[in-house]
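No value in this document is a laboratory result; all are computed from the given coordinates. Everything numeric in this text was worked out from a predicted model, so none of it was measured. A quick note on method: Cβ atoms are made from the backbone with ideal geometry, for glycine too, and the neighbour counts reach across all protein chains shown.
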Amino acid sequence: MTGRFVKTQDGVEIFYKDWGTGQPIVFHHGWPLSSDDWDTQMLFFVHQGYRVVGIDRRGHGRSSQVSEGHDMDHYAADAAAVVEHLGLQKTIHIGHSTGGGEATRYVARHGKGRVAKLVLVAAVPPIMVKSPNNPEGLPIEVFDGFRKSLAANRAQFYREVASKPFYGFNRPGSPPLDGVVDNWWRQGMMGGAKAHYDGIKAFSETDLTEDLKSIDVPTLCVQGDDDQIVPYKGAAELQVKLLKNATLKIYPGFPHGMLTTYADTINPDLLAFVRS
């Protein structure tokens, strides 16, 4: 199969790709992108003998641009609808950024008996926003700024994010790669503005602490220590403390979008964990 749709219980058409045969790996993408952001990993793993499934989150990519349901509960349920439709078992779920939150909630709520392993890459859990319970988090004003910029000029805002902090292209000696920036912008602009606006609350304010505590499958938590989008001390370093069976790997100098710009380093590490 190449690309298909699954209709959820609330009538949303969720797009997915399904390539290859073997043990299934399900990929959960970051905000505001699509399953296309996993091209490098999906091609890598399909050539290693795995079945790879990429899902476009509701309101993102080729999935329905619906008005409602842009929250982690719906994201996880939508992923479950695809997994159940395809009859996947012994799955490995890999989530990047917001997709890491989605994958975490999926495994915690829908994955009992179905999931073999979990990988969280520069992922948002346990929670991003600063609060009395999360003093190391980012102030709500940061996310209010995202919302303001998105509402004012989404196209320009996405260009700024992709060409600067997401891939670390604002660092000395790291000039922007035009194709990478253009592809990020293309994916972002395919999705719906309301889905992306509402998704900021979903990725920043959803508390996934109890979800992490409930997960007992082997989990790999990886992140770069120069992640300018999701600070690693409040993400990967906390994830391994909350999970029952977790391994931590921090990459010196790697940015948030390291899956694209450092795929040659990260893909073999992911494969080693998947095979372990």
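Sort region 64-111 into rounded, prolate or oblate with this rule: let a ≥ b ≥ c be the square roots of the eigenvalues of the Cα gyration tensor; rounded if a/c is under 1.5, and if a/c is not under 1.5, prolate when a/b is larger than b/c, oblate otherwise. Cα axes put region 64-111 in the oblate bin.
Identify all lysines with a Cα-Cα distance to Lys241 below 27 Å; exclude those on the same chain that are fewer than 8 residues away in sequence. By straight Cα distance, Lys241 reaches Lys90, Lys112, Lys117, Lys130, Lys201, Lys213, Lys233, Lys249. Sorted fewest first by neighbouring Cβ atoms within 10 angstrom, His85, His47, His74 come out as His47, His85, His74.
Computed from label points 7 Å out along Cα-Cβ, the spacing between Ile140 and Leu43 is 4.4 nm. Listed from fewest to most Cβ neighbours within 10 Å, the set Ser34, Ser163 follows the order Ser163, Ser34. Using Cα centres only, tell me the gap between region 70-144 and region 197-276 in whole Å. What the calculation gives is 11 Å, centre to centre. Our helix-only sum for the chain, with -39,500 (n - 2.57) per DSSP H run of n ≥ 4 divided by its residues, gives a mean residue ellipticity at 222 nm of -13000 deg cm²/dmol. Give me the log10 of I(q) over I(0) for region 43-178 at q = 0.15 Å⁻¹, as the Debye formula computes it from C-alpha points; what are the numbers? Debye curve over Cα of region 43-178, log10 I(q)/I(0) at q = 0.15 Å⁻¹: -0.98. Cα gyration tensor of region 1-58, axes a ≥ b ≥ c as square roots of the eigenvalues: rounded (a/c below 1.5), prolate (a/b > b/c) or oblate? In terms of gyration-tensor shape, oblate. Put in order of Cβ neighbour count within 10 Å, fewest first, the listed residues Ile200, Ile25 become Ile200, Ile25. Rounded to 0.05, the FRET efficiency of the Lys90 and Lys233 pair, given R0 = 25 Å and the Cβ-Cβ distance, is 0.15. Contact order, relative form, for the chain: 20 percent (alpha carbon pairs under 8 Å, 6 or more residues apart, mean separation divided by residue count).
Overall form of region 191-276: oblate. Here a/c, set by the Cα gyration tensor axes a ≥ b ≥ c, is 1.5 or more, and a/b is not larger than b/c. Relative to its residue count, region 3-275 spans a Cα convex hull of 114 Å³ per residue. Between Glu205 and Ala193, full extension at 0.36 nm per residue minus the direct alpha carbon distance yields a gain of 2.4 nm.
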